[in-house]
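The values are calculated or read from the model by the stated rules, or taken from the named source; none is laboratory data. The structure displayed is predicted, hence computed values, not measured ones. Please note: Cβ atoms are built from the backbone with ideal geometry, for glycine as well, and neighbour counts cover all protein chains shown.
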Amino acid sequence: MSVAQRDTTPILALREVELRFVQPVDLAGRIANLLGAGLKTQVVHAVAGVDLEVKPGEVIGIVGESGCGKSTLGRIVSGILPPTAGQVHYRGKPVHDMTGQERRAYELGVQMIFQDPYASLNPRMRVREIIGEAPAAHGLIRSRDKEAYVAGLMRQVGLDPSFSQRYPHQFSGGQRQRIGIARALALKPSVIVCDEAVAALDVSIQAQVLNLFEKLRDDLDLTYLFISHNLSVVSHISDRVAIMYLGRVVELAPTDTVFTRANHPYTEALLKELPTLTPGRRTYQPIKGELPSPLDPPTGCAFHPRCPHAMPRCKAERPLLREIAPGQYSACHLNDLA
Ligand SMILES: Nc1ncnc2c1ncn2[C@@H]1O[C@H](COP(=O)(O)OP(=O)(O)OP(=O)(O)O)[C@@H](O)[C@H]1O
Ligand code: SF4
Ligand SMILES: [Mg+2]
């Protein structure tokens, strides 16, 4: 079924979602304050107002430099972190208001897969338990069916079920990520948030795991939020890409539009960072300057200190994300000049 033929209610909708981390002054800071240092509580605006609608069956890539808030956004969507402002809607209902069965359906329905499969798998548990424990505990399967259920999932992710008695350290990095995927699938989710899910793997293994994600999406009708700092990784799998900068989405567009008609100067800069495969030509151009601290973000457009097109207005006024062509959203004052 094509995305266009599906139910048009977004499976996920983020409405002005924000998350601020408050970092209290630590013991050393409190002692320094006794000596007059004047240190204050610091607030990191990790996600600073994100609106996003995800259709059932869609794959949205979330891309941006380290620290721009991708993982925090993923954790909010998965219900691991409650937003400090704004709302997440799942299947048309605000998650904040959900209780009982509805809340449980959301918590099972949205699963997260992490970058480092080794760190996220309990080293003392056998694969059989890692994959089968949660669905049994949630009553999705009966204990006596666990072995067959785990074997089916292992086959689905390309693992030999006869290894189900082994421990995580007995598998390769790629196999461990497959165990992590099977563990998420065991809860029969509709949405999977993949946070740098292939970043720790060798390039050849990355391609295999990305292919597995694509196959599972088709077979199981899954929706993905695919987080990566690498635009080319998400381009293989995503229908649309959201580019994040310092806690905000600065451009959102279909993947091919991002590659052929990027609008935002930050997206253009990310594209220039991608190494080309043309032999003998190295066109890699890193983005100038460093990502500013989210503790003290620049005024106006947060990208202005690094933007080659910055104008006086950019320092004073924050551009809003708006539709600049059908399906293409960008937050840049240059669009007002056209
Ligand atoms: N638990 C926390 N307490 C305080 N600040 C945090 C916490 N988690 C994240 N941050 C800060 O929030 C901001 C966003 O972090 P986040 O991990 O979401 O970024 P990211 O885009 O996933 O980065 P990376 O690509 O390195 O994974 C960063 O400045 C980070 O230091
Ligand atoms: S608003 Fe100004 S600083 Fe920001 S991306 Fe556009 S031109 Fe650059
Ligand atoms: Mg992260």
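Within the span defined as segment 129-137, every residue fails to be among the β-branched types (Val, Ile, Thr) and not in a helix (DSSP H, G or I). Look at segment 216-231: where a residue is part of a helix (DSSP H, G or I) and a partner is within 13 Å of ligand 3 (Cβ to nearest atom) and not acidic (Asp, Glu), sitting 6+ places away or on another chain with Cβ atoms under 8 Å, you get Leu231/Val63. Residue count for segment 239-268 under the criterion of being within 16 Å of ligand 2 (Cβ to nearest atom) and free of Cβ contacts under 8 Å to residues at least 24 places away in the same chain: the result is 2.
Considered as a group, the residues in segment 288-316 that are away from ligand 1 (no atom under 16 Å from the Cβ), under 28 Å from the mean Cα position of the chain (by Cα) and among the charged types (D, E, K, R) include one that is surrounded by the most Cβ atoms within 10 Å (Cβ to Cβ), and that residue is Arg306. Taking the stated definitions as given, is Leu121 away from ligand 2 (no atom under 16 Å from the Cβ), aliphatic (A, V, I, L, M) and modelled with pLDDT under 95? Yes: the conditions hold for Leu121.
You will find that of Pro123, Pro94, Pro82, the residue that is touching a helix residue (DSSP H, G or I) at 6+ places or on another chain (Cβ under 8 Å), over 21 Å from Ile181 (Cα atoms), free of Cβ contacts under 8 Å to residues at least 60 places away in the same chain and surrounded by fewer than 16 Cβ atoms within 10 Å (Cβ to Cβ) is Pro82 and no other. Within the span defined as segment 8-29, every residue fails to be of a type in the set (Phe, Trp, Tyr) and either in contact (Cβ under 8 Å) with a residue 60 or more places away in the chain or surrounded by 19 or more Cβ atoms within 10 Å (Cβ to Cβ) (or both).
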